[in-house]
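Notes for the one structure printed next.
Values in this text are rule-based calculations from the coordinates and carry no lab data. Remember, predicted model here, so these are calculated numbers, not experimental data. A quick note on method: Cβ atoms are made from the backbone with ideal geometry, for glycine too, and the neighbour counts reach across all protein chains shown.
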Amino acid sequence: MSVWAGLADKHLVRNYVKERGLGGILLEEYGFWENANLIDFESLPNHFVLKTNHGCGTAIVVRDKSNFDLEKARKQLNKWLDHKYGIYQGERHYSLIKPVVVAVQLLSNDSSQSTSIIDYKVWCFNGRPYCICVCTDREIGNTLHLGFYDLNWNWLQDWTDGPHINDMVVVDKPVCLDEMLKSAAILAKGLPQVRVDFYVSGGKLYFGEMTLTSLGGYMNYIKPKYLLEMGEQIDLNYGK
């Protein structure tokens with residue numbers, strides 16, 4: 001398996017995070033299965049998240065297990081497991097991932113500035129954080145709002161473009177911003193470019209995922225001049 005595939009795999013990347021000494025920021029994982037029909041729902045807590053490890057937007061949030069359509073979820077998850085994400089999206093490293101369903105901890109959203117838990121996406125170049133994308137009001141597979149911040153939490157209000165050009169995402173600096181940036185640097189070490197995602201709940205930092213090809217490399221939500229600036233940061237010899 002390629003390095004990219006191992007990092008993009010939402011299940012196996014946990015080993016990488018632990019190897020980098022950051023196991024304490026991982027979400028609790030309750031189990032993983034190659035087929036959704038094998039999931040033992042009785043063993044899971046009352047609220048959790050089900051997701052596949054090899055795609056994007058393939059997640060089901062379970063807030064109350066007693067009021068949950070189990071059979072519908074099984075069918076949807078098995079459909080996602082069969083989806084050839086790496087081929088259809090032109091991101092070949094995803095094709096090297098063995099698809100599984102994972103059940104992980106559901107974090108509580110304690111922010112009054114977003115209807116969903118805030119997603120902090122730290123872009124790193126040559127092992128160093130460069131900027132932070134903040135996603136709010138997110139509905140899986142549907143809408144979201146986003147904005148960009150520099151490392152000192154200054155809002156970069158001119159960055160957004162395309163479908164998000166009018167987004168006005170102004171949120172408070174996370175209490176663990178320093179830890180977030182340090183963790184991103186540790187995980188990005190040796191990689192010319194990577195995006196490291198985090199959540200914050202109850203004042204605690206949690207790791208989300210790592211992405212090497214954000215939106216397949218076609219990030220139409222960032223203005224071209226800033227995409228160019230980001231691209232100019234990359235040193236392809238870094239880490240060799």
Report summary line: Across the alpha-carbon set of region 1-120, Rg over Rh with Rh taken as the Kirkwood radius works out to 0.97
Query raised in the report: What length, rounded to one decimal in nm, is gained on full extension from LYS18 through to ASP158, with 0.36 nm per residue of separation minus their alpha-carbon distance?
Result: 46.7 nm
Report task. Rounding to the nearest 20 debye, state how big the charge dipole of the chain is about its Cα centre with +1 on each Lys and Arg Cβ and -1 on each Asp and Glu Cβ. Result -> 540 debye
Query raised in the report: Top mean-square fluctuation among VAL169, VAL196, VAL62, Gaussian network model of the chain, C-alpha springs under 10 Å?
Result: VAL62
Requested in this report: Please work out the FRET efficiency for the pair THR143 and LYS240, using the Cβ-Cβ distance as r and a Förster radius of 45 Å; give the result to the nearest 0.05.
Outcome: 0.65
Report summary line: Taking the dipole of the chain about the Cα centre (Lys, Arg +1; Asp, Glu -1; charges at Cβ), the one of ALA184, VAL61, HIS83 that reaches farthest to the positive side is HIS83
**Report entry** Listed residues GLY55, GLY190, GLY217, most fluctuating in the chain (Gaussian network, C-alpha, under 10 Å)
**Finding:** GLY217
Report task. May I ask for the distance between the Cα centers of region 1-77 and region 92-152, given as a whole number of Å? Result -> 15 Å
Query raised in the report: Which value at 222 nm does the chain reach when only helices count, each DSSP H run of 4 or more adding -39,500 (n - 2.57), with the total divided by all residues and rounded to the nearest 500 deg cm²/dmol?
Result: -5500 deg cm²/dmol
Query raised in the report: Got a sec? How would THR52, THR211, THR115, THR143 order by Cβ neighbour count within 10 Å, fewest to most?
Result: THR143, THR115, THR211, THR52
Report task. Cross-chain or 8 or more residues apart, Cα under 20 Å: how many lysine pairs in region 3-104 fit that? Count them up, please. Result -> 16
Query raised in the report: What is the calculated FRET efficiency for GLU71 to MET230, with r their C-beta to C-beta distance and R₀ = 41 Å, to the nearest 0.05?
Result: 0.40
Report summary line: Here the relative contact order (percent) of the chain, from C-alpha pairs under 8 Å and at least 6 apart, is 20 percent
Query raised in the report: For volume of the Cα convex hull per residue in Å³, which listed value, (1) 181; (2) 128; (3) 154, comes from the coordinates shown?
Result: (2)
Query raised in the report: Leaving out same-chain residues fewer than 8 places away, which lysines sit with a Cα under 23 Å from that of LYS173?
Result: LYS121, LYS182, LYS204
